[in-house]
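> Sharing a structure with you now.
The values are calculated or read from the model by the stated rules, or taken from the named source; none is laboratory data. Since this is a predicted model, take the numbers as computed values, not measurements. Positions of Cβ are backbone-derived with ideal geometry, glycine not excepted, and every protein chain shown enters the neighbour counts. Side chains are part of the model used for accessible areas, which takes the heavy atoms of the whole protein and leaves out ligands, DNA and RNA. Shrake-Rupley method; radii C 1.70, N 1.55, O 1.52, S 1.80 Å.
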Amino acid sequence: WLPPYLNQHYSLGISISQIGLPLIVIYLSADAGSIAGGFLSSYFISRGFQAVNARLMTMMLCAVSVFSVMAANSSNLWVAVLAISFGLAAGQAWITNIYSLVMDYTPKYMIGTVFGFGGMCAAVCGMFMTQVVGYVLTVTGNDYRILFISIPALYVVALVWLFAMAPRRIPAGDS
């Protein structure tokens, strides 16, 4: 839904020269976020945090950073691009750490099953999310603000759930 948003909100048209650079910036930021998420949790681990706590701390910083997407409704294209870029980078850093977090506390013999189940859940939710986004945009007359508010809120809900559910101590024999 990002290309249609940029096109509708900033009248960019469909030419690559107009919409291409903003999308390149946004998606390269996501790549950088994936790498930065790994570096940040590794930094916390090198400072003495247990792996699970380092990942949760990184994810908390990511959840706060995702709130930058609320500025995406700016009247200035590049303010919106930077807000979305920062939020998407934080989201990718979150994803990097969720994969690592699962590996930190899942016994080796179950990792394939856990990742398979998680991938299936992500695919099914992705299918429904496309429908939900379409419905929200239809009902609100293409008002993207509700999406830019609900996305960060969902990260906070997920973070609270992770803090409540993630084990703080991992038995040595289970991994």
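> I'd like the full set of residues that are surrounded by fewer than 19 Cβ atoms within 10 Å (Cβ to Cβ) and in a helix (DSSP H, G or I), limited to segment 61-80.
Answer for segment 61-80, where residues must be surrounded by fewer than 19 Cβ atoms within 10 Å (Cβ to Cβ) and in a helix (DSSP H, G or I): Leu61, Val64, Met70, Ala71, Asn73, Leu77, Trp78, Val79.
> While we're looking at this one, here's another question. Output the number of residues of segment 99-116 satisfying the condition of being buried (at least 17 other Cβ atoms within 10 Å of the Cβ) and either outside any helix (DSSP H, G or I) or of a type in the set (Val, Ile, Thr) (or both).
1
> While we're here: Scan segment 45-54 for residues that are assigned to a helix (DSSP H, G or I) and open to solvent by 30 Å² or more (accessible area, probe 1.4 Å) and report the count.
Going through segment 45-54 one residue at a time, the tally reaches 4.
> Moving to a separate point now. What about Ser41, is it part of a helix (DSSP H, G or I), open to solvent by 30 Å² or more (accessible area, probe 1.4 Å), in contact (Cβ under 8 Å) with a residue 24 or more places away in the chain and of a type in the set (S, T, N, Q)?
Spelling it out, it is not the case that Ser41 is part of a helix (DSSP H, G or I), open to solvent by 30 Å² or more (accessible area, probe 1.4 Å), in contact (Cβ under 8 Å) with a residue 24 or more places away in the chain and of a type in the set (S, T, N, Q).
> Related question: Does Ile151 satisfy the condition of being open to solvent by 40 Å² or more (accessible area, probe 1.4 Å), at pLDDT below 90 and within 21 Å of Ala30 (Cα to Cα)?
yes
> Right, another one. Being in contact (Cβ under 8 Å) with a residue 40 or more places away in the chain and in contact with a Cys (Cβ under 8 Å, 6 or more places away or on another chain) narrows it down to one residue among Asn53, Asn97; which is it?
Asn97
> Being of a type outside the set (D, E, K, R), on the phi < 0 side of the Ramachandran plot and modelled with pLDDT of 90 or more is true for just one of Ala122, Ala172, Ala93, Ala166. Which residue is that?
Criteria check complete, one pass: Ala93.
> Among the listed residues Gly141, Gly91, which satisfies the condition of being touching a Cys at 6+ places or on another chain (Cβ under 9 Å) and either surrounded by 12 or more Cβ atoms within 10 Å (Cβ to Cβ) or without any contact (Cβ under 8 Å) to a residue 40 or more places away in the chain (or both)?
When all the criteria are applied, what remains is Gly91.
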